[in-house]
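A.B. asks: Please find one structure pasted underneath; my questions will follow.
Please treat every number below as a calculation from the coordinates, not as lab data. Here the structure is a predicted model, which is why all the values come from computation and not from measurement. We place every Cβ from the backbone using ideal geometry, glycine too, and count neighbours over all the protein chains shown.
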Amino acid sequence: MENSTEAMAVRFHDVEFSSQGITLLSQQSKLLYLAKQDIRKITLKKGFQSERPIAEILFGIVVIGLGLYFFANFVLVALVHGKIYLDDLLSLFLLPIGGWFIVDGLRKRLYFEVVLDRDKRKFPLGKNPDKGELGKFIKNATQLGYVIDASFWDQVD
């Protein structure tokens, strides 16, 4: 957990709570920002970390299907015509990309569910967060004026 003195902010993994709002970071780049005044409720939950897991899994299946189709086409053209096209060979990269979408869609972890007026957003935490560090982070975020329902985490051993 890091404390930044810029604008009174606390950070845990890739989630930063500041006096202005909540930010989801990836390698110091902002992926998602929600202003504090737009937030209605924050709850700590465990479940699918993906915003839309079913859509992500289905997309992964489609990408793998395309990869298999292009791989079969590559093999048939190579056997029948004796020619190898580089772009058909590059389509093999669709297989691991589709697999990544499926794995990411199935990944279950802790996350903050932030409820807005007409939407919900997930702010996923990293693998196996330390209970003590997460407790300190929630306490520091509460001092910034956020109300976080962490009753789920209190019941976990």
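A.B. asks: Let a ≥ b ≥ c be the square roots of the eigenvalues of the Cα gyration tensor of region 34-93; is it rounded (a/c under 1.5), or, if not, prolate (a/b larger than b/c) or oblate?
C.D. replies: Because a/c hits 1.5 or more and a/b exceeds b/c, region 34-93 counts as prolate.
A.B. asks: Could you tell me which residue out of Ser26, Leu76, Ile39 lies farthest along the dipole of the chain toward its positive end? Charges go on the beta carbon: Lys and Arg +1, Asp and Glu -1, centred on the Cα centre.
C.D. replies: Among Ser26, Leu76, Ile39, the one farthest towards the positive end of the dipole of the chain is Ile39.
A.B. asks: Can you compute the helix-only [θ] at 222 nm over the chain? Use -39500 (n - 2.57) per DSSP H run of at least 4 residues, normalise by all residues, nearest 500 deg cm²/dmol. The partial results should precede the final answer.
C.D. replies: Numbers: 5 runs with 65 residues, N = 157.
The helix-only estimate for the chain comes to -13000 deg cm²/dmol at 222 nm.
A.B. asks: Report, by chain and number, residues whose modeled amide H sits under 5 Å from the one on Asp14, excluding near sequence neighbours (fewer than 5 apart, same chain).
C.D. replies: Here Gly126 satisfy the definition.
A.B. asks: Also, quick follow-up: How large is Rg over Rh for the chain, taking Rg from the Cα atoms and Rh as the Kirkwood inverse mean of 1/r across Cα pairs?
C.D. replies: The Rg/Rh ratio comes out at 1.17.
A.B. asks: If amide H atoms are built 1.01 Å from N in the plane of the peptide, which residues on other chains or at least 5 residues away come under 5 Å of the amide H of Gly21?
C.D. replies: When sequence neighbours closer than 5 places are left aside, the close amide H contacts are Lys36.
A.B. asks: Let me ask another. With the Cα gyration tensor of region 92-141 giving a ≥ b ≥ c as the square roots of its eigenvalues, does the rule (a/c under 1.5 for rounded; else a/b larger than b/c for prolate; else oblate) give rounded, prolate or oblate?
C.D. replies: Here region 92-141 falls in the oblate category.
A.B. asks: In degrees between 0 and 90, to the nearest 10, how far off the longest principal axis of the chain does helix 53-81 point, with axes built from Cα atoms?
C.D. replies: Taking the Cα atoms of the chain, the angle to 53-81 is about 20 degrees.
A.B. asks: For region 95-157 and region 65-92, write down the distance between their C-alpha centroids in whole Å.
C.D. replies: So the two Cα centres are separated by 42 Å.
A.B. asks: Using only Cα atoms, tell me the angle between helix 131-143 and the longest principal axis of the chain; keep it within 0 to 90° and round to the nearest 10.
C.D. replies: 60
A.B. asks: Let me ask you something else. Filter the trypsin sites (Lys or Arg not before Pro) in region 1-85 down to the DSSP loop ones having no more than 14 other Cβ atoms within 10 Å, then list what survives.
C.D. replies: Details: sites: Arg11, Lys30, Lys36, Arg40, Lys41, Lys45, Lys46, Lys83; in loops: Arg40, Lys83.
Passing both the DSSP loop test and the Cβ count: Arg40, Lys83.
A.B. asks: While we're here: Using each residue's phi in region 36-44, evaluate 6.51 cos²θ - 1.76 cosθ + 1.60 at θ = phi - 60° and report the 3J(HN,Hα) Karplus result to the nearest Hz, with x for Gly and Pro.
C.D. replies: 4, 5, 8, 7, 9, 7, 10, 10, 7
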